[in-house]
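Participant: The structure under discussion is supplied below as structure tokens; questions concerning it will follow.
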Amino acid sequence: MASRKSTSGLGHPATKGSAPEKSPLSFARMIREQLQGCNMSVAELAQRAGLAEPVVAGLLRDRGASEQPRFEQVVALARVFERAPAELVAGTEAESVIDGWVPRAALEEEVRKRVEAETTAEELRVEVKELSAGMHGLCSTVERLSAELERAKLRVAEIESQTRARLRALRGARNAASFRLSAALNQRNQALVRARQNYLAWSKARSQILQLKDEAASSAESSWMMALIGAASAAVCAAETLDPGRHKVIRRRPRRRSLSPDER
């Protein structure tokens, strides 16, 4: 049967290569050392800390880990020894008393930051409210502008439709005017051609009549020939007065007086 392992003097099994755990210092011992270093009595310490003397005397006795000092007692003693509470209980079994303790400066800084954060949050809420109001007004403006834009689009479409209709009407009128102008130009050209033909015919007839008059005057024929020639000359002069091609009255040229047989 295997032999039992040897145990240390503390009654714990001995483990090869392991050192015994170091137990924390006693809070009462720490206070006693501080009290001796300051050369202060228990009554004086109680008076300065604002604690009852029996309470201070109890804190100076080792009571074990089950009975720990209260937080306010640690703070009062640390104020007397001019040390931070965390430094006073460091390494002792009372260190857990101030695990959640926060230094006053840090607490004040945290409170200041919280107040600043709340102020900033309030300012942001006010700004958000103002922005919301501005956004509401902006949305209303956008809706109004959108409605005006739609009306403007409808008006532009209506104007474009009217403009297209007027343009088509103007194009039709232009085409009709162009057609009438072309027809009038054709009629004018035709009238000019007819007038030129009539003028040429009239000039030819007049030349022939004048030639006959000259021949009749030179040959000294009978008076009835002269009367016939005079009637032809009157007809030519009448034709000369009115131009049938142009349909307008022209200036009559003076007639040349025929010579009587006696004058010849």
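Participant: Take Ser161 and tell me if it is at pLDDT below 90 and out of contact with any Phe, Trp or Tyr (no Cβ under 7 Å at 6 or more places or on another chain).
Facilitator: So Ser161 fails the test.
Participant: Going through Val142, Val193, Val115 one at a time, which residue ends up being over 30 Å from Gln73 (Cβ atoms) and either modelled with pLDDT under 90 or touching a helix residue (DSSP H, G or I) at 6+ places or on another chain (Cβ under 8 Å) (or both)?
Facilitator: Unique residue meeting the criteria: Val115.
The values are calculated or read from the model by the stated rules, or taken from the named source; none is laboratory data. Quantities reported herein were computed from a predicted structural model and do not represent experimental measurements. A quick note on method: Cβ atoms are made from the backbone with ideal geometry, for glycine too, and the neighbour counts reach across all protein chains shown.
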